[in-house]
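Any read-out appearing in this document is the output of simple, stated calculations on the displayed coordinates, not a laboratory observation. Since the model is a prediction, treat every value here as computed from it, not as a measurement.
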Amino acid sequence: MRRWALITWMVLHSVACGGANKDAASPADADSEGTESSASETKSGDDGADDSSNVRKAAGTPDAKGGPPPASASQSTDDATAVLELVVNDPELDPYLHLGDPGRFPLKISGSALPANLKLEKATKPVEIVSGPKDKKDPVLVFTEIEISGKKASVRYRYDIEGIRGSANLTKGQYGWELTNSRVVENK
């Protein structure tokens, strides 16, 4: 009975994965290659637990032809959201925001590189995205540069009302994005 289940599983897996390996030297090679990759897939899913690290690994695996994974708009928007969330909540920036002053809360941001449908939160309130500061006295955090490339990101911003400029570097690790260093400089 066990052998029948294994054969059925191999046939179903072969059909689901697009058939046999056409590059294999013999049918035995095709079966062994298919079994190796599927064994690691079933191993992670056997316990029934939801392991988000496996989901993350699956999203970044190469395509069937061995090329790089296709870039998805939602993944880059997710990365931008995570990166910008860390930057607006950076403890180095907090002393300059003065969110307790009139007109400064909720935080307002702008920038030409901000992704559409961006949703951030600062101090329990949603961040407002505006077209830009009307003048130097308008409390708007302006993102001047957002670069996300693979597992590295850099962000530059200015906050004219306080006369500051800042930068942040981030890396994407096993558990998501992390702020590796940031710097705020007063330009008064």
In the structure shown, of Lys122/Lys152; Lys119/Lys172; Lys108/Lys134, the pairs separated by more than 18 angstrom at the C-alpha atoms are Lys122/Lys152; Lys119/Lys172
Calculated log₁₀ intensity ratio I(q)/I(0) where the Debye formula runs over C-alpha points of the range 86-188, q = 0.15, 0.17 Å⁻¹:
-0.60, -0.78
